[in-house]
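The values are calculated or read from the model by the stated rules, or taken from the named source; none is laboratory data. Remember, predicted model here, so these are calculated numbers, not experimental data. Please note: Cβ atoms are built from the backbone with ideal geometry, for glycine as well, and neighbour counts cover all protein chains shown.
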Amino acid sequence: MGKTRISGIQLFLLITGFLLGSRLIISPASESKTDGWLSILIAGAGGILLVTMYASIALLNPSRTLVEILRDRFGKIIGTIVAISYIWYFTHLAGLVFRDFGSFLVTTTYPRTPMEVIIAIFALTIIYAVNSGIEVMGRISEILVPIVPVLSLIIGASIVTTHDFTAFLPVLENGIKPVIKASLNLLAFPFGEAVVFLMIFPHLNKMKSLIKITTFSTLSVIGLFLYIFFRNIIILESHFLDQATFVPHLTSVLFPGLNLEPLFGVIMIIAGGIKIISAIYAAVMGLSQLIGAKDYRTFTTCIVAFSVILSIWVHENIFEVFNWAGNTWFYYSIPFQFIIPLILLFLSLIKKADPKPQDL
Amino acid sequence: MKTNKLAIIFVLSILLAGCWDNTDLTDINIVTALGIDKDEDGKIIVTVQVVEPAAVPLTSSSNGGGAGQTKPVSVKSYKGETIYDALISMKSIVDKRLFLSTVQVLVLGERFCKDGINDALDYLHRNNQAEYLADVLVARGTSPEQILNIQADMDVISALYIKGTVENTAVRAKVERKMLIELFKEIKNKCRQITIGQITKLDGKTVKTEGTAVFRDGKLVGWLDQYQTRGYLFVADKVGNPVISFSAPESKISIEIIQSTGKKSVIFKNGEPARLSVQIRLEGNIGEYIGKEMLSKPEDIHKIEKMLSEEVKKEINMALNKAQKDYSSDIFGFGEYVHKYYPKYWKKAMDEWNDVFSRLPADIRVEAKIRHTGLIKSPMKKDE
């Protein structure tokens, strides 16, 4: 710790790419149909709170990663157990994103290629990136993540020509319930998943601006989600949104005379890649700190291999993927995203950590 | 050394990934048009028009006779239980894999449409090869097979010829251009009924795309002629630059419409729909004027504006009447307006909306403006 640093803008882009992640293929808040924008706003507000909470935990425990904080606050035994479950959670998260990615490419572009092959090839790149270290990851996101909003804007601007701009009406047709449900889902996936960054925050070179950075990237993600939602609903109309397996992909094939599908694949690979890299890095880093290994790189290959196998095993078919992302994930994530961080924040507020002497 | 090995693995893996789903151009049959119909027993007949690229003459000036004996397009039909079944079974009579991403025109048969298209088109939506931007048409008085079998003399590939006529006619607002994706949207949309452009066969070389097929609950119920189609398109706000001709006493006038916006709404009274309201704004230029009267004062223009708006109103009325009285089908999408602004009423009345729509009286307001008169002001005639 303390040697490798990433800059503020790199962390900003890393978080943005992470939050966009696979939500770019599974349309944000399409369950609540025309009220998706409301869900996005509610989830966004909650997301800012959550991410700020994670950032405050990092600030109250300077230069400590999640695993170290857990051991500090919960004691050695309980802390270790909780840390192990977090490592599992991060690995599982990476596996799920692998699966989203694989299903998407198999459905849309490579119907005859086995999904295992696509995922495995992607995994090789991930291993390389993670082994190159956090600085390289920061630079990757600096180069690649800005492409995502730019391409999204281009795709949108070129398809919206003469369409119905009142497509999001009526408001609250089916009551508030589906809206709340969709926003809770959106809160857990992707905003709450930013708990991963508790392993990465200590690398930031200027800790003072941490909360500013996290808030700003959450805000830009909310903005992009809103834009994508309105784009989809204007082009496809609400009746159509829940029909398509991959809504944004459907939008991208509608451009007349030009095939935008590859552009969409590019967006997908960038955002999904950043997300997997962050999750894997967090898991690997946590594992090495837990065991006390000198170099985290020893574990990368085995953790990635594990999550690849997990991704293929964990779901039988595409509906399970969506059902998991839409229903189960939220409940599964409650302890990791809400309860434990809340306890950590509480404990940290009671007793401020002594700054590590060797740092900064 | 380690990085070298890694590099090799990466290069290999990227190349392998690219090849897995690779299909060479020589291994596929390029399908340019697809026809779907049903026979008397309810079996699906799928017709494909396949292009042989080598036989397509490179320049239009090279006379067809010299370009060899092979025909540039060939048409095959096959029966099956479903569209997918028929397409796959067809492999027993075609030599290569059928490649659907190049489909330009999709022609549906009358019998197929009468049995309902809501569920039947699933395959074209599910398959990742289907071209969502293909133009959809309904063959009237003929079968898709016959339409695709024409030997067009305007273009060697008759699918492109058909697509061209659709594009032309859509600008004139005599046929509605409906792409496959728009059709899917309408099938899902409960607030409006489906309409598809109509195609008829004139002779062995020519087709005509004019008119509209009207559906109710996914089933073909009738047709709109070219003028009713234009009236419908004015309301649906989908007109390009049509030319509207009408005759006044002692003169004949053709107006080219430059711009048109159509707005529709439903006026509610006491929580129940009371009237339909249509508002059209037009802007046009005088394209042709055959008559004796001089055109010089603004009042002369106002007179023509009035006649134009009456003419448009007449066409809209015809279309509305047909949709309300004969077909009882809300093709205009008034239901969308109700759904958006009166969601509570819509929930109640969703299922019988077509009947409610058929009962409502309509207010049609057309505001026509004529801006220019072309290069000359008054009609061509000898000075007196």
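Scanning the stretch B:195-236 for residues that are polar (S, T, N, Q) and either more than 13 Å from the chain's Cα centre (by Cα) or assigned to a strand (DSSP E or B) (or both) gives B:Thr195, B:Gln198, B:Thr200, B:Thr206, B:Thr209, B:Thr212, B:Gln228. Among the residues here, B:Ile244 qualifies as over 18 Å from B:Gln324 (Cα atoms), at pLDDT below 90 and of a type outside the set (Lys, Arg). A:Phe346 fulfils the conditions (1) more than 21 Å from A:Ala94 (Cα to Cα); (2) at pLDDT below 85 except for a single criterion, (2). When the stretch B:268-314 is limited to residues that are under 16 Å from B:Pro249 (Cα atoms) and part of a strand (DSSP E or B), the one that is nearest to the chain's Cα centre (by Cα) turns out to be B:Glu288.
Here's the yes/no breakdown for (1) closer than 24 Å to B:Leu320 by Cα; (2) out of contact with any Phe, Trp or Tyr (no Cβ under 9 Å at 6 or more places or on another chain):
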site	(1), (2)
B:Leu148	no, yes
B:Met154	no, no
B:Ile162	no, yes
B:Glu176	yes, no
B:Lys188	yes, no
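Restricting the search to the stretch A:238-252, which residues are surrounded by 20 or more Cβ atoms within 10 Å (Cβ to Cβ) and either out of contact with any Lys or Arg (no Cβ under 9 Å at 6 or more places or on another chain) or not in a helix (DSSP H, G or I) (or both)? Answer for the stretch A:238-252, where residues must be surrounded by 20 or more Cβ atoms within 10 Å (Cβ to Cβ) and either out of contact with any Lys or Arg (no Cβ under 9 Å at 6 or more places or on another chain) or not in a helix (DSSP H, G or I) (or both): A:Phe246, A:Val247, A:His249, A:Leu250, A:Ser252. For B:Ser265, the criteria (1) away from chain A (no Cβ under 14 Å); (2) in contact (Cβ under 8 Å) with a residue 60 or more places away in the chain; (3) at negative phi; (4) part of a strand (DSSP E or B) hold in every case but one, which is (1).
Filtering the stretch B:317-346 to residues that are facing chain A (nearest Cβ under 10 Å) and of a type in the set (Gly, Ala, Ser) leaves only B:Gly333.
Taking A:Ile267 as the residue in question, decide whether it is at pLDDT 80 or above, in a helix (DSSP H, G or I), away from chain B (no Cβ under 14 Å) and within 17 Å of the chain's Cα centre (by Cα). Taking the combined requirement at face value, the residue satisfies it. Within the stretch B:231-280, the set of residues being farther than 18 Å from B:His372 by Cβ, surrounded by 16 or more Cβ atoms within 10 Å (Cβ to Cβ) and among the hydrophobic types (A, V, I, L, M, F, W, C) comprises B:Leu233, B:Phe234, B:Val235, B:Ala236, B:Val239, B:Phe246, B:Val266, B:Leu276, B:Val278, B:Ile280.
Give, as residue ranges, the helices (runs of 4 or more DSSP H) completely inside the stretch B:78-185 that count at least 3 residues that are of a type outside the set (S, T, N, Q), closer than 22 Å to B:Lys201 by Cβ and within 14 Å of another protein chain (Cβ to nearest Cβ). Spell out the reasoning first.
Details: elements: B:83-89, B:110-114, B:122-126, B:144-148, B:158-171.
Correct list: B:158-171.
Just one of (1) at pLDDT 85 or above; (2) at negative phi; (3) out of contact with any Lys or Arg (no Cβ under 7 Å at 6 or more places or on another chain); (4) away from every other protein chain (no Cβ under 14 Å) fails for B:Gly211. It is (2). Each residue in the stretch B:315-348 was checked for being in a helix (DSSP H, G or I), touching a residue at least 60 places away in the same chain (Cβ under 8 Å) and over 14 Å from B:Ile267 (Cα atoms), and 10 pass.
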